[in-house]
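Here it is, the structure, as structure tokens.
The values are calculated or read from the model by the stated rules, or taken from the named source; none is laboratory data. Everything numeric here is computed off the predicted structure, so don't read it as measured data. Note that each Cβ is placed from the backbone with ideal geometry, even for glycine, and that neighbours are counted across all protein chains shown. These accessible areas exclude ligands, DNA and RNA; they are computed on the full protein's heavy atoms, side chains included. Shrake-Rupley method; radii C 1.70, N 1.55, O 1.52, S 1.80 Å.
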Amino acid sequence: MIFIPLPFVVAILLVILFGVVRSRDDSPSPNLPFQALILLSAFQSVLSGLRWGYAVLPVMYAMPVAAAMVPPLAYLGISRLARKSPLSPIQQICLHGLPAGLIVVLVAIWRDAIDIGIILIDIGYAAAILLLMRSGTDALRLAPFENAGPTYRAILFAAGALLLSAAVDIFIWLDFVWADGTSALKVISFGNLIGLAILAMAAAAASRSHAPAEKTENVRPPEFLEDAQTLGAVQALMKDRHAYRDVDLNLDRLARKLAIPARQISAAINRATGKNVSQYVNEHRIAEACLLLAETEKPVTEIMFDVGFQTKSNFNREFRRVTDTTPLEWRDRSRSPSS
């Protein structure tokens with residue numbers, strides 16, 4: 001029987017995951033940082049297998065540089081769903097390439113500081129991601145409302161994976177200082193691989209929620225309104241123009257349609273209803289779905305598409321959250337004589 005070391009198995013699975021993500025993402029503007037992150041995680045896993053499985057020493061110079069590239073890629077992928085950067089792509093690459101550049105310098109002149117540098121990079125970017133997500137799903141201004149919840153949870157997992165990686169590196173560093181690295185191999189073999197796998201899967205999950213291509217619309221400059229006026233404008237857009245049926249509707253697009261700042265919309269809905277914007281919009285979708293289930297013979301899947309959902313899992317999850325039942329149970333209940 002052919003034996004394949006665990007790091008290479010993980011690398012193969014991550015390459016397969018990359019292929020799945022590429023094949024399903026037909027967007028004209030795919031989230032390239034997330035896709036690069038999955039490939040980089042596979043590359044890191046190969047380096048880990050060569051270094052610790054076959055004692056290929058030269059790869060130890062590439063390993064810290066690759067590790068320093070992971071957090072910036074995670075942040076760049078997440079920021080593409082949260083806000084538009086004022087920086088050009090070249091400027092973003094230069095800015096977020098600084099951590100890898102720093103590690104290259106440390107590899108050349110001060111190797112003892114490499115571990116501390118990578119730990120600080122992991123913690124710093126994890127903190128930056130959590131800060132970016134501090135307003136919850138409403139921080140995902142460029143992500144369609146349907147996927148906001150799962151995408152937000154995937155991002156939290158990504159931040160957790162960076163913190164796990166930092167914790168593993170701290171343990172390894174202390175193990176070499178105090179115990180000559182007696183436990184380092186086991187920790188590296190499993191801890192970092194688990195962290196890489198979590199991070200890559202989180203990136204794959206988050207990449208399902210891409211910022212749609214911009215539609216050319218004539219919009220007025222943003223204006224500031226009271227909460228009641230803001231909520232009234234949103235409700236009118238939902239009820240009169242059925243804006244929730246737009247599968248690519250996100251907070252940024254909603255703000256442009258209303259000519260009201262996105263942060264003001266989010267705050268008004270949160271204060272008035274206690275919900276985030278994605279929950280508010282999805283409840284309008286579910287309300288129409290309930291009406292169609294009760295009054296028409298349309299299949300559930302057709303209704304799902306009609307009201308603005310693209311995946312059955314998201315539709316069923318939101319339907320149960322709002323009605324505490326399933327679509328078919330709702331249809332049966334609405335047509336029973338006792339109702």
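Could you identify the single residue in Ser41, Ser29, Ser85 that is open to solvent by less than 50 Å² (accessible area, probe 1.4 Å), among the small types (Gly, Ala, Ser) and not in a helix (DSSP H, G or I)?
Exactly one residue qualifies, and that residue is Ser29.
Each row is one residue, and each column tells you yes or no for (1) surrounded by 18 or more Cβ atoms within 10 Å (Cβ to Cβ); (2) among the charged types (D, E, K, R); (3) within 14 Å of the chain's Cα centre (by Cα); (4) within 20 Å of Leu249 (Cα to Cα).
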{"position": "Gly136", "(1), (2), (3), (4)": "no, no, yes, yes"}
{"position": "Leu142", "(1), (2), (3), (4)": "yes, no, yes, yes"}
{"position": "Ala148", "(1), (2), (3), (4)": "yes, no, yes, yes"}
{"position": "Ala161", "(1), (2), (3), (4)": "yes, no, yes, no"}
{"position": "Ile172", "(1), (2), (3), (4)": "yes, no, no, no"}
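Here is a follow-up. Could you tell me how many of the residues in the stretch 223-246 are of a type in the set (A, V, I, L, M) and loosely packed, with under 15 Cβ neighbours inside 10 Å?
Filtering the stretch 223-246 down to residues of a type in the set (A, V, I, L, M) leaves 225, 228, 231, 233-234, 236-238, 243.
Cutting the leftovers down to loosely packed, with under 15 Cβ neighbours inside 10 Å gives us 228, 236.
Residues that pass the stated criteria total 2.
While we're on this one: Checking the structure you have, find out if any residue of the stretch 25-36 is more than 21 Å from the chain's Cα centre (by Cα) and modelled with pLDDT of 85 or more.
no
What do you reckon, is Ala74 out of contact with any Cys (no Cβ under 8 Å at 6 or more places or on another chain) and under 23 Å from Pro144 (Cβ atoms)?
For Ala74, the condition - out of contact with any Cys (no Cβ under 8 Å at 6 or more places or on another chain) and under 23 Å from Pro144 (Cβ atoms) - is met.
Report, by residue number, each residue of the stretch 45-76 that is within 24 Å of the chain's Cα centre (by Cα) and modelled with pLDDT of 90 or more.
At the first step, the residues of the stretch 45-76 found to be within 24 Å of the chain's Cα centre (by Cα) are 45, 65-76.
If the condition is that a residue be within 24 Å of the chain's Cα centre (by Cα) and modelled with pLDDT of 90 or more, then Val65, Ala66, Ala67, Ala68, Met69, Val70, Pro71, Pro72, Leu73, Ala74, Tyr75, Leu76 are the ones that fit.
Right, next: Name the single residue, out of those in the stretch 258-267 being touching a residue at least 12 places away in the same chain (Cβ under 8 Å) and either surrounded by fewer than 18 Cβ atoms within 10 Å (Cβ to Cβ) or touching a strand residue (DSSP E or B) at 6+ places or on another chain (Cβ under 6 Å) (or both), that is farthest from Tyr280 (Cα to Cα).
Ala259
Would you check if Ile265 is closer than 29 Å to Gly232 by Cβ, among the β-branched types (Val, Ile, Thr), in a helix (DSSP H, G or I) and touching a Ser or Thr at 6+ places or on another chain (Cβ under 8 Å)?
Criteria met by Ile265.
Among the residues of the stretch 285-319, write down those that are among the charged types (D, E, K, R) and either over 21 Å from Gly149 (Cα atoms) or in contact with a Pro (Cβ under 9 Å, 6 or more places away or on another chain) (or both).
Within the stretch 285-319, Glu295, Glu297, Lys298, Glu302, Arg317 qualify.
Does any residue of the stretch 119-130 turn out to be open to solvent by less than 20 Å² (accessible area, probe 1.4 Å), closer than 12 Å to Ala82 by Cα and out of contact with any His (no Cβ under 8 Å at 6 or more places or on another chain)?
The answer is yes; a qualifying residue exists.
On to the next question. Exactly one of these conditions fails for Ser278: (1) surrounded by fewer than 21 Cβ atoms within 10 Å (Cβ to Cβ); (2) among the polar types (S, T, N, Q); (3) assigned to a helix (DSSP H, G or I); (4) at pLDDT 90 or above. Give me its number.
(1)
Has the stretch 69-80 got any residue that is of a type in the set (D, E, K, R) and open to solvent by less than 30 Å² (accessible area, probe 1.4 Å)?
no
Within the stretch 289-321, count every residue that is assigned to a helix (DSSP H, G or I) and buried (at least 18 other Cβ atoms within 10 Å of the Cβ).
11
In the stretch 88-109, which residue that is open to solvent by 50 Å² or more (accessible area, probe 1.4 Å) and β-branched (Val, Ile, Thr) is farthest from the chain's Cα centre (by Cα)?
My answer is Ile109.
For every residue, the table says whether it meets (1) touching a helix residue (DSSP H, G or I) at 6+ places or on another chain (Cβ under 7 Å); (2) closer than 20 Å to Arg141 by Cα.
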site: Lys239; (1), (2): no, no
site: Tyr244; (1), (2): yes, yes
site: Arg263; (1), (2): no, yes
site: Ala272; (1), (2): yes, yes
site: Ser278; (1), (2): yes, yes
site: Glu283; (1), (2): yes, yes
site: Ala289; (1), (2): yes, no
site: Ser313; (1), (2): no, no
site: Ser334; (1), (2): yes, no
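If I go through the stretch 281-304 residue by residue, how many of them are without any contact (Cβ under 8 Å) to a residue 12 or more places away in the chain and not aliphatic (A, V, I, L, M)?
Of the residues in that region, 7 qualify.
With the condition kept exactly as written, say whether any residue in the stretch 91-102 is aliphatic (A, V, I, L, M) and touching a helix residue (DSSP H, G or I) at 6+ places or on another chain (Cβ under 8 Å).
yes
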